[in-house]
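Novice: The structure's right below; bear with me while I get my questions together.
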Amino acid sequence: MTTSLQPFVLVAGSGHGGWAWQKLAALLTRRGHRVYAPSLTGLADRSHLMSGGITLQTHARDVVNLFRWEDLHDAVLVAHSYAGWVASAAVEALEDRLSAIAFVDAFLPENGQRGFDLLNDAQKAAVLEAQARGELSRPGPTSTALKIQSAEDARWLDSKITPQPIGVSMQPVELTGARERIARKLYVRTPLFPQPLFDAALERCRADAGWQTAVMADCGHDPMIDAPEALAELLLGLIEPR
């Protein structure tokens, strides 16, 4: 079975956009795969669409519609960080179009959870205060917080990050188990970025024979920027025979 032209759909996390995947996309393209790296509504090149009406379902629909309008099948869906919420919701409508999924230092939510529910008390208070002031978004992450390893990459990332819409964290995710039914699943953890929820997700996947796991110890939260070659090999390992 050939894997040429197999689609990869790459969805980046909070404050990010399709730009974050440039290095990785080039590597996958050179291996003969089609690559799509959409920016979600309100972010990056779609930041002009920021509004109070953006929800988690909006972002899930961004991904689902890409699959439908591009006629994508037998695809690999890659979710980074916040996009774990988006991908988990989108898989509910894309189960028959996916050959594999990969969660890269990403949230692995359970049915009925909201992003807001996983914040600490101080973070919850900040979000609620921002909403009370009529704010539509919260600042995106910095290269320092993300542990970006190269000074050049850090400057580039800081020039691209945009605010994250608040509404996406307030809507519960609706899951029926489609994510777990995907045959090939990979969870990648970058422990230089401290996040107990991601540590827990890694251990959860390690305990589940349906998941493969990997730890990238020498890069920050954005391995597609810090270590694209290593991440590309992990992703290709989901579909290419060794």
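The values are calculated or read from the model by the stated rules, or taken from the named source; none is laboratory data. Since the structure is predicted, the reported quantities are computational estimates derived from the model, not experimental observations. Positions of Cβ are generated from backbone atoms using ideal geometry, with glycine treated the same way; all protein chains shown enter the neighbour counts.
Novice: Under 6 Å by Cβ, and 6 or more places apart or on different chains, what pairs join a residue from the stretch 182-193 that is modelled with pLDDT of 95 or more with one that is surrounded by fewer than 17 Cβ atoms within 10 Å (Cβ to Cβ) and part of a strand (DSSP E or B)?
Specialist: Every condition considered, the pairs that remain are R189/V215.
Novice: Anything in the stretch 19-53 that is free of Cβ contacts under 8 Å to residues at least 40 places away in the same chain, among the polar types (S, T, N, Q) and surrounded by fewer than 17 Cβ atoms within 10 Å (Cβ to Cβ)? List them, or say none.
Specialist: Q22, T29 - these are the residues of the stretch 19-53 that are free of Cβ contacts under 8 Å to residues at least 40 places away in the same chain, among the polar types (S, T, N, Q) and surrounded by fewer than 17 Cβ atoms within 10 Å (Cβ to Cβ).
Novice: Tally the residues that are touching a helix residue (DSSP H, G or I) at 6+ places or on another chain (Cβ under 9 Å) and assigned to a loop (DSSP other than H, G, I, E, B), restricting the search to the stretch 200-242.
Specialist: Residues that pass the stated criteria total 8.
Novice: Which one of the conditions (1) surrounded by fewer than 17 Cβ atoms within 10 Å (Cβ to Cβ); (2) modelled with pLDDT of 95 or more does D121 fail to meet, given that it meets all the rest?
Specialist: For D121, the failing item is (2).
Novice: Please work out which residue is nearest to G140 (Cα to Cα), limiting yourself to the stretch 54-98 and to residues that are surrounded by fewer than 16 Cβ atoms within 10 Å (Cβ to Cβ) and touching a helix residue (DSSP H, G or I) at 6+ places or on another chain (Cβ under 7 Å).
Specialist: By that ranking, first place goes to E95.
Novice: So K147 clears everything in (1) modelled with pLDDT of 95 or more; (2) at negative phi; (3) surrounded by 14 or more Cβ atoms within 10 Å (Cβ to Cβ) except one condition, right? Which one?
Specialist: Condition (2) is where K147 drops out.
Novice: Is one or more of the residues making up the stretch 143-155 charged (D, E, K, R), outside any loop (DSSP other than H, G, I, E, B) and within 25 Å of D117 (Cα to Cα)?
Specialist: no
Novice: L197 - would you say it is closer than 28 Å to Q131 by Cα, in contact with a helix residue (DSSP H, G or I) (Cβ under 7 Å, 6 or more places away or on another chain), aliphatic (A, V, I, L, M) and part of a helix (DSSP H, G or I)?
Specialist: yes
Novice: Looking at the stretch 55-77, I want the residues that are at positive phi and have a partner that is surrounded by 15 or more Cβ atoms within 10 Å (Cβ to Cβ) and not in a helix (DSSP H, G or I) with Cβ atoms under 7 Å, at least 6 apart or on another chain. Which pairs are those?
Specialist: Close Cβ pairs (under 7 Å, with a partner that is surrounded by 15 or more Cβ atoms within 10 Å (Cβ to Cβ) and not in a helix (DSSP H, G or I)) amount to D74/Q6; D74/S99.
Novice: Considering only the stretch 155-197, state which residues are under 23 Å from D222 (Cβ atoms), surrounded by fewer than 20 Cβ atoms within 10 Å (Cβ to Cβ) and among the small types (G, A, S).
Specialist: S159
Novice: From the list S150, S143, S159, which one is touching a residue at least 60 places away in the same chain (Cβ under 8 Å), over 25 Å from V64 (Cβ atoms) and of a type in the set (G, A, S)?
Specialist: S150 is the lone residue from the list that is touching a residue at least 60 places away in the same chain (Cβ under 8 Å), over 25 Å from V64 (Cβ atoms) and of a type in the set (G, A, S).
Novice: How many residues does the stretch 118-142 contain that are part of a helix (DSSP H, G or I) and under 24 Å from A200 (Cβ atoms)?
Specialist: Qualifying residue count for the region: 8.
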